[in-house]
Amino acid sequence: RFVPQPEDRFTFGLWTVGNRGRDPFGDAVRPTIAPTTIVRELSRLGAYGVTLHDNDLVPIDATPAERDRIVREFKAALDDHHLAVPMVTVNLFYDPVFKDGALTSAAPAVRRFAVDKAKRAMDLGHELGATIFVLWGGREGAEVDAAKDPRDALRWYRESLNELTDHIIRNGYPMRIALEPKPNEPRSDIYLPTVGSMLAFIQTLDHAERVGVNPEVAHAKMAGLNPVHEVAQAIDQQKLFHIDLNDQRIARFDQDLRFGSDDLKGTFYLVKLLEDSGYDGPRHFDAHPYRTEDIEGVWQFARGSMRSYLAYREKVRRFHQDGEIQAVLARIQKLHSEGPAIDGEASLNWWRERGYAYEELDQLVTELLLGMR
Ligand code: GLT
Ligand code: MN
Ligand code: MN
Ligand code: MN
């Protein structure tokens, strides 16, 4: 029970288990783990795949020969351990050249470099079999709005994305782009901060059909929003191309907590939404092990992420099978569908006086999560 299998479609970024525990106030606490080691360990733990930024695998200053050797060895490890790479992304935030944005930099030279870097990351992704290309615009934002008109930034963003979808189409890649919103950090304000704003922006692109979203639980919470409702809107628009699973407390810095470790009820409803909707994409964990952990703790973190998903999934199954919960739900539905049409004072009062039994339902869900049912 709760043993992850490849068919569960669990994936991890190289940068998640490989995170060295740096924070703005302290240096690395763990050594670098080689990508090929990460592949071996994730496979041993039952993951389906691994994801990466271009530079998680290939250093930004690698020669073409070095790049080819690194990619060859990585592919051999994927083959040996039967791990897939369903998604790749591009690092447009670490190098100082991107200090004022990449695709929305005010400097055309920086935008050119960024778009070309993204194209090369797409080529790498295609070579590894990825069909999803995530773009997290972490540096696409501002502190000083006097320096850059946000309308210009959006226009540059759009032009860059149009060039990237053209690249995909011209090369015949079966690839789609998933834009990942975040409200702030590392910028004071990041453009297109929520799933809703991304969805509206996507409709202005040349190839909107190729572009969807990659919501992250923590990012929605940082914006003070309900991740379940954000993801539901993406599903409603058929734009949930990928998802980043982690956890986060409201009104704190970007925590990247282990999936399902903090908000039990919120996580339950998210897993319920993913499972009930038939979402069949990767369950991608984008979180960091605590800074207190050594390498053993890193693998505990990876194992725990997957076990927790399976445990929440089991709770969803029980929710649907629990006689009492289903009876309350049926009662609520019957009330809503069979209550009188409103055509006068008596029927108005009928609705005004009716209780909805949500307290009863919510308590049952709470007890389910607490292991009492
Ligand atoms: C970075 C960020 C994540 C993004 C990754 C993709 S990198 O760690 O915090 O939310 O998904 O660029
Ligand atoms: Mn994040
Ligand atoms: Mn993310
Ligand atoms: Mn984060």
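The values are calculated or read from the model by the stated rules, or taken from the named source; none is laboratory data. Worth saying up front: this structure is predicted, and the values here are computed from it rather than measured. Neighbour counts run over all protein chains shown; Cβ positions are idealised from the backbone, glycine included. For accessibility, only protein heavy atoms count, side chains too; no ligands or nucleic acids. Shrake-Rupley method; radii C 1.70, N 1.55, O 1.52, S 1.80 Å.
Using the Stokes-Einstein relation with a Kirkwood hydrodynamic radius computed over Cα pairs, the translational diffusion coefficient of region 55-110 at 20 °C and a viscosity of 1.002 mPa s comes to 159 µm²/s.
Think of each Lys and Arg Cβ as +1 and each Asp and Glu Cβ as -1; about the Cα centre, that makes the dipole of the chain roughly 460 debye.
Cα convex hull, region 81-141: 78 Å³ per residue, rounded to a whole number. Placing unit charges on the Cβ atoms of the charged side chains and taking the dipole of the chain about its Cα centre, the candidate lying farthest along the positive direction among Ser43, Gly125, Ala208 is Ser43. Between Asp152 and Asp80, full extension at 0.36 nm per residue minus the direct alpha carbon distance yields a gain of 21.2 nm. Helix 35-45 and the longest principal axis of the Cα set of the chain meet at an angle near 30°.
Taking 35 Å as R0, compute the FRET efficiency from the Cβ-Cβ separation of Leu370 and Val71 and round it to 0.05. That gives a FRET efficiency of 0.15.
Counting only DSSP beta bridges with both residues in the chain, tell me the antiparallel percent, nearest 5. So the antiparallel bridges amount to about 15 percent of the total. I'd like the FRET efficiency for Thr292 and Arg20, computed as 1/(1 + (r/R0)^6) with the beta carbon distance as r and R0 of 22 Å, rounded to 0.05. The value I calculate is 0.95.
Placing a label point 7 Å from the Cα of Ala34 along the Cα-to-Cβ direction, the residues of region 45-73 with a backbone N closer than 17 Å are 56-59, 66-73.
Note on Glu7 and Arg318: the model spin-label points, each 7 Å out from Cα along the C-beta direction, lie 2.3 nm apart.
Element breakdown for the chain at a 1.4 angstrom probe: carbon and sulfur atoms account for 51% of the accessible area. If you run the Gaussian network model on the chain, springs between alpha carbon atoms under 10 Å, then out of Pro108, Pro340, Pro24 the most flexible one is Pro24.
Based on C-alpha pairs under 8 angstrom that are at least 6 apart in sequence, the chain has a relative contact order of 15 percent.
With Cα atoms as the point set, the radius of gyration and Dmax of region 150-241 evaluate to 13.3, 40 Å.
Per residue of the chain, the DSSP helices (runs of n ≥ 4 H) give a summed -39500 (n - 2.57) that works out to -15500 deg cm²/dmol at 222 nm. Here the mean projected area of the convex hull built on the C-alpha positions of region 252-369 is 10.8 nm². At a Förster distance of 45 Å, what's the computed FRET efficiency of Glu353 paired with Asp189, Cβ-Cβ distance as r, to 0.05? The value I calculate is 0.45. The value given for the chain is a Kirkwood hydrodynamic radius of 22.2 Å, derived from the mean inverse Cα-Cα separation. Distance between the modelled labels on Ile250 and Val97, one decimal in nanometres: 4.2 nm (7 Å Cα→Cβ projection).
Here the scattering of region 306-373 is modelled by Debye summation over its C-alpha atoms, one equal scatterer each and no solvent; at q = 0.22 Å⁻¹ the log10 of I(q)/I(0) is -0.91. Rolling a 1.4 angstrom probe over the protein heavy atoms with all chains in place gives the chain an accessible area of 47 Å² per residue. The long axis of helix 150-171 is offset from the longest Cα principal axis of the chain by roughly 80 degrees.
Can you give me the angle between helix 64-81 and the longest principal axis of the chain, using Cα atoms only, in degrees from 0 to 90, rounded to the nearest 10? Between the helix axis and the principal axis of the chain, the angle is about 40 degrees.
The Cα center of region 302-335 and the Cα center of region 1-73 differ in position by 33 Å. Loop-located trypsin sites (Lys or Arg not before Pro) in region 15-46 (DSSP state other than H, G, I, E, B) with a sparse environment of at most 16 neighbouring Cβ atoms within 10 Å: Arg20, Arg22. Among the chymotrypsin sites (Phe, Trp or Tyr not before Pro) within region 199-272, those in coil by DSSP and having at most 14 neighbouring Cβ atoms inside 10 Å are Phe253. If you take the alpha carbon atoms of region 1-109 and fit the smallest convex hull around them, that volume is 144 Å³ per residue. Could you identify which residue out of His81, His207, His336 has the top mean-square fluctuation in a GNM of the chain using Cα springs shorter than 10 Å? Comparing His81, His207, His336 in the GNM, the peak value goes to His336. Within region 58-216, all pairs of alpha-carbon atoms sorted by distance into 10 Å bins from zero give the percentages 10, 39, 35, 14, 2, 0.
Projected over every direction and averaged, the convex hull enclosing the alpha-carbon atoms of region 269-334 yields 6.0 nm².
Total lysine pairs in the chain at Cα distances under 26 Å, for residues eight or more apart or on different chains: 29. For region 187-295, the average shadow cast by the Cα convex hull is 7.9 nm², which is a quarter of the hull's surface.
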